[in-house]
1. Of a type outside the set (Gly, Ala, Ser), open to solvent by less than 30 Å² (accessible area, probe 1.4 Å) and under 20 Å from residue 111 (Cα atoms): does that describe residue 38?
2. Among 62, 28, which is the only one that is open to solvent by 60 Å² or more (accessible area, probe 1.4 Å) and in a loop (DSSP other than H, G, I, E, B)?
3. Report yes if residue 53 is small (Gly, Ala, Ser) and out of contact with any strand residue (DSSP E or B) (no Cβ under 9 Å at 6 or more places or on another chain), otherwise no.
4. Quick check on my filter: what residues within the stretch 6-20 are loosely packed, with under 15 Cβ neighbours inside 10 Å and part of a strand (DSSP E or B)?
5. What's the number of the only condition in (1) touching a strand residue (DSSP E or B) at 6+ places or on another chain (Cβ under 8 Å); (2) at pLDDT 90 or above that residue 100 fails to meet?
6. What number of residues within the stretch 134-149 are at pLDDT below 90 and not in a loop (DSSP other than H, G, I, E, B)?
7. Which condition number in (1) open to solvent by 20 Å² or more (accessible area, probe 1.4 Å); (2) in contact with a Pro (Cβ under 6 Å, 6 or more places away or on another chain); (3) modelled with pLDDT of 90 or more is the one that residue 23 fails?
8. Quickly run through the stretch 116-151 and pick out the residues that are open to solvent by 60 Å² or more (accessible area, probe 1.4 Å), touching a strand residue (DSSP E or B) at 6+ places or on another chain (Cβ under 9 Å) and within 20 Å of residue 80 (Cα to Cα).
Amino acid sequence: MRVRVGKVGKPHGLEGAFVVEEASEDPERFAKGATLLVEGEAARVLESKRAGGRPVIRLDREVLRGTALELDRDELPEPAEGEYYAFQLVGLDVEEEDGAKLGRVAEVSSGPANDVLELDTGLALPLVDACVREVDLDGGRIVVRTGFTPG
């Protein structure tokens, strides 16, 4: 299984470098010499720097804007206790502390202040400790505090 760690953004300079949009928070992902998967094929990072707080890289091949930058899932380090990769949360059932079912995580998106759990029912919940009480990967569920939903 592959995991998306960013996508090719706008060009930066004249030598084929580009801004990485929706970039992984791990700066080593885009370090010089790192390998990423582009359309299923390995591509090596030839140059790496930051501009405006975002990674700017040049690969050993041309890539089209919007192309996904990926890694094989087994290349990712295990997250620390109490931390999760966004892809691990997609598909989990979400329920309130009282057992009320709210839906299933369809996507985890980045918000200005925090990440957001977007559910298949249209609900959006902040991925913050005040809302999320428990993440049970083995049980396939996320428990959220009652009162974070409208109604």
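The values are calculated or read from the model by the stated rules, or taken from the named source; none is laboratory data. Small disclaimer: the values here were computed from a predicted structure and weren't measured. Note: ideal-geometry Cβ built from the backbone for every residue, glycine included; neighbour counts use all protein chains shown. Areas reflect the complete protein model, heavy atoms only, side chains present, ligands, DNA and RNA absent. Shrake-Rupley method; radii C 1.70, N 1.55, O 1.52, S 1.80 Å.
1. Values: of a type outside the set (Gly, Ala, Ser): yes; open to solvent by less than 30 Å² (accessible area, probe 1.4 Å): yes; under 20 Å from residue 111 (Cα atoms): no.
Considered against the rule, which asks whether it is of a type outside the set (Gly, Ala, Ser), open to solvent by less than 30 Å² (accessible area, probe 1.4 Å) and under 20 Å from residue 111 (Cα atoms), residue 38 comes out as no.
2. Details: 28 fails: in a loop (DSSP other than H, G, I, E, B).
Unique residue meeting the criteria: 62.
3. Numbers: small (Gly, Ala, Ser): yes; out of contact with any strand residue (DSSP E or B) (no Cβ under 9 Å at 6 or more places or on another chain): yes.
Taking the combined requirement at face value, the residue satisfies it.
4. Taking the stretch 6-20 as the starting set, the residues that turn out to be loosely packed, with under 15 Cβ neighbours inside 10 Å are 10-11, 13-15.
Of everything in the stretch 6-20, those that are loosely packed, with under 15 Cβ neighbours inside 10 Å and part of a strand (DSSP E or B) turn out to be 10, 11.
5. Among (1) touching a strand residue (DSSP E or B) at 6+ places or on another chain (Cβ under 8 Å); (2) at pLDDT 90 or above, the lone unmet condition for residue 100 is (1).
6. Number of matching residues: 0.
7. That leaves (3) as the condition not met.
8. Passing the criteria: 133, 134, 141.
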